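Any read-out appearing in this document is the output of simple, stated calculations on the displayed coordinates, not a laboratory observation. Just so it is clear, the structure is predicted and the values come from calculations on it, not from any experiment. For neighbour counting, all protein chains shown are included, and Cβ atoms are generated from backbone atoms with ideal geometry for every residue, glycine included.
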Amino acid sequence: MRHRKTGRKLGRTAAHRRALKRNLAEAIFRHERVKTTLAKAKEIRPYVEKLITLSRRDTVHARRMFARDIQDRKLIQRVFSEIGPRYQNRPGGYTRVLKLGTRHGDGAEMAIIELVERSPVIEAERST
Amino acid sequence: MAVPKRRTSKSRRDKRRTHWVLNAPATNPCPKCAKPRLPHRVCPHCGYYKDNQVLEVKES
Ligand SMILES: [Zn+2]
C-alpha cells in the first residue's frame, strides 16, 4: 500500500532521483526559468524553495547547508548574493509552475518552473 | 472450465460497444487571442497566461 507515502519516483533509482533534483535545482538557479515535465516541476518545487529559504540568511552555516546539495562555489555565491536577498520579505512561494500542455512523442504534460521575481539581467539575455 | 455457450452475436457485440466513445477535451477561449485553449494552461497560440504575462515567443 502507498498510504501516506509522498513523493514521485520518476522511474529512477534513489541516487538517480537525487542527482536529478540537484541538477534541476542548479538549472533553476542559473537560468531562473526551466522547462520540464509537470511531474518533475512539481517534485522539484519544495526542494528548490527550501534551498532559497536557506539562501535568505547569509551565514557560514546556511552556506554549508546549501553546499550539501549544490557544490558549484560561484553559483552558491550568486544565489546568496542575488537570489536570497530578493526574497527577504516573501514568506515562501518563490517559484511558479506554468502548465504548457502535452509533449509530442510521449504525451507528457510539460511545464515551466520559474522564480517569481526574475532578474532583469537574465531576462535580457533570454530575449537576445 | 467455464466456457461460452453461444457465440456473441454481431448485434450484442455492437451494442456493448455503443459506450466506446471519446469526448473532445474541454477548451475555453483564450482571453487574449480568443482561440480555444485548455484551461489552466499557457495559451499555445499567443503564449500568454493570465494578466498579459507573456511567455515563450511564438515561432513561425
Ligand atoms: Zn491566446
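From the mean inverse distance of alpha carbon pairs (Kirkwood) and the Cα radius of gyration, derive Rg over Rh for chain A. Please report the intermediate quantities before stating the final value.
On the way: Rg = 15.4 Å, Rh = 15.6 Å.
Over the Cα atoms of chain A, Rg/Rh equals 0.98.
Using a cut-off of 9 Å between beta-carbons, work out the net charge of the residues near A:LYS99 (Lys and Arg +1, Asp and Glu -1, A:LYS99 not included). Mind showing how you got there, number by number?
On the way: positive: B:ARG41; negative: A:GLU109.
Around A:LYS99, the surrounding residues sum to 0.
Quick check for me: using +1 on Lys/Arg Cβ and -1 on Asp/Glu Cβ, what's the dipole size of chain B about its Cα centre, in debye to the nearest 20?
Numbers: 15 positive and 4 negative charges, 206 e Å.
Dipole magnitude for chain B comes out near 1000 debye.
For peptide A:46-54, how many partner chain Cβ atoms fall within 10 Å of a residue's Cβ, on average?
Average neighbour count from other chains, rounded to a whole number: 0.
Between B:ASN28 and A:HIS16, how high is the FRET efficiency from 1/(1 + (r/R0)^6) when r is the Cβ-Cβ distance and R₀ = 25 Å? Nearest 0.05. Before the final figure, lay out the partial values.
Numbers: r = 38 Å, r/R0 = 1.53.
So the FRET efficiency works out to roughly 0.05.
Please name which of B:PRO4, A:PHE29, A:LEU100 has its Cα lying farthest along the dipole of the protein assembly as shown towards the positive end, using unit charges on Cβ (Lys, Arg +1; Asp, Glu -1) and the Cα centre as origin.
Result: B:PRO4.
Please give the charge dipole size of chain A, origin at the Cα centre, charges +1 on K and R Cβ atoms and -1 on D and E Cβ atoms. Round to the nearest 20 debye.
On the way: 32 positive and 14 negative charges, 141 e Å.
With Lys and Arg at +1 and Asp and Glu at -1, about 680 debye.
Which whole-number percent is the relative contact order of chain A (Cα, under 8 Å, 6+ apart)?
Numbers: 137 pairs, mean separation 37.6, N = 128.
Across chain A, relative contact order equals 29 percent.
Past the 22 Å Cα-Cα mark, which pairs from A:LYS42/B:LYS50; A:LYS5/A:LYS35; A:LYS42/B:LYS35; A:LYS40/B:LYS32? Could the numbers behind the result be given before it?
Working: A:LYS42/B:LYS50 20 Å; A:LYS5/A:LYS35 27 Å; A:LYS42/B:LYS35 28 Å; A:LYS40/B:LYS32 29 Å.
From A:LYS42/B:LYS50; A:LYS5/A:LYS35; A:LYS42/B:LYS35; A:LYS40/B:LYS32, over 22 Å: A:LYS5/A:LYS35; A:LYS42/B:LYS35; A:LYS40/B:LYS32.
Quick one: the Cα spread of chain B along its three principal axes, in angstroms, biggest first?
The Cα atoms of chain B stretch 65, 23, 23 Å along the principal axes, largest first.
Please compute the average number of Cβ atoms from other chains found within 10 Å of each residue's Cβ in peptide B:34-41. Mind dumping the intermediate values first?
Details: counts 0, 0, 0, 1, 4, 1, 2, 8.
Counting other chains' Cβ atoms within 10 Å and averaging over B:34-41 gives 2.
HN-Hα J couplings of the stretch B:21-31 from phi, Karplus 6.51/-1.76/1.60, θ = phi - 60°, integer Hz, Gly and Pro as x?
Each residue of the stretch B:21-31 in turn: 10, 9, 10, 5, x, 5, 10, 10, x, 5, x Hz.
Can you check what the net charge comes to around B:PRO29, using other residues whose Cβ is under 11 Å from the Cβ of B:PRO29 (Lys, Arg +1; Asp, Glu -1)?
Details: positive: B:LYS32, B:LYS35, B:ARG37; negative: none.
Residues near B:PRO29 contribute +3 overall.
Enter the mean number of other protein chain beta carbons within 10 Å of the beta carbon of each residue in A:93-99, as an integer. All intermediate terms of the calculation are to be shown ahead of the outcome.
Details: counts 0, 0, 0, 2, 0, 8, 6.
Taking all residues of A:93-99 together, the mean is 2.
Between the DSSP loop rule and a limit of at most 13 other Cβ atoms within 10 Å, which trypsin sites (Lys or Arg not before Pro) in chain B are left? Walk me through the numbers before you get to the answer.
Working: sites: B:LYS5, B:ARG6, B:ARG7, B:LYS10, B:ARG12, B:ARG13, B:LYS15, B:ARG16, B:ARG17, B:LYS32, B:ARG37, B:ARG41, B:LYS50, B:LYS58; in loops: B:LYS5, B:ARG6, B:ARG7, B:LYS32, B:ARG41, B:LYS50, B:LYS58.
Answer in residue order: B:LYS5, B:ARG6, B:ARG7, B:LYS50, B:LYS58.
Name all residues of the stretch A:80-99 having a backbone nitrogen under 13 Å from the label point set 7 Å from the Cα of A:HIS61 along its Cα→Cβ direction, giving them as ranges.
none
Take peptides A:43-50, A:82-89 and line them up by average Cβ neighbours within 10 Å, highest first, as a rough protection proxy.
On the way: A:43-50: 17.6, A:82-89: 14.9.
Averaged packing, sorted descending, gives the order A:43-50, A:82-89.
What is the local net charge at B:TRP20, summed over the other residues whose Cβ is closer than 13 Å to its Cβ (Lys, Arg +1; Asp, Glu -1)? Write out the running numbers ahead of the final one.
Numbers: positive: B:ARG13, B:LYS15, B:ARG16, B:ARG17; negative: B:ASP14.
Result for the local shell: +3.
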